[in-house]
């Protein structure tokens, strides 16, 4: 592969990485239905809130909060977000 081809491939990959998918679950994933825009927006909103919560956990660490308590909080918040997303995504089956 020539340098020009590598640069073109890299540029294409960068472009693809910066493109937000209309439906993050496409192409279809086994066990999931196709989401409408409202569902996709909701899931993305939950994920954005997760970023803000992660920042709060970091601030708590800086304030000297106990590492075990932070780890428990992080785990339980992750589970809460997962269940919230699953409630909207409505996957079929256990896995």
*So how far apart, in nm, are the two label points at residue 70 and residue 53 if each is 7 Å from Cα heading toward Cβ?*
1.7 nm
*Hey, any idea what the orientation-averaged projected area of the convex hull of region 24-89's Cα atoms comes to, in nm²?*
4.9 nm²
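Given the Cα-Cα distance of residue 60 and residue 34 and 0.36 nm per residue of separation, how much length would full extension add, in nm?
On the way: separation 26, 0.36 × 26 = 9.36 nm, distance 3.81 nm.
Extra length available between residue 60 and residue 34 comes to 5.6 nm.
Computed from the coordinates by the stated procedures, all read-outs in this text should not be read as laboratory data. Small disclaimer: the values here were computed from a predicted structure and weren't measured. Reconstructed Cβ throughout: ideal geometry from the backbone, glycine too, with neighbour counts over all protein chains shown.
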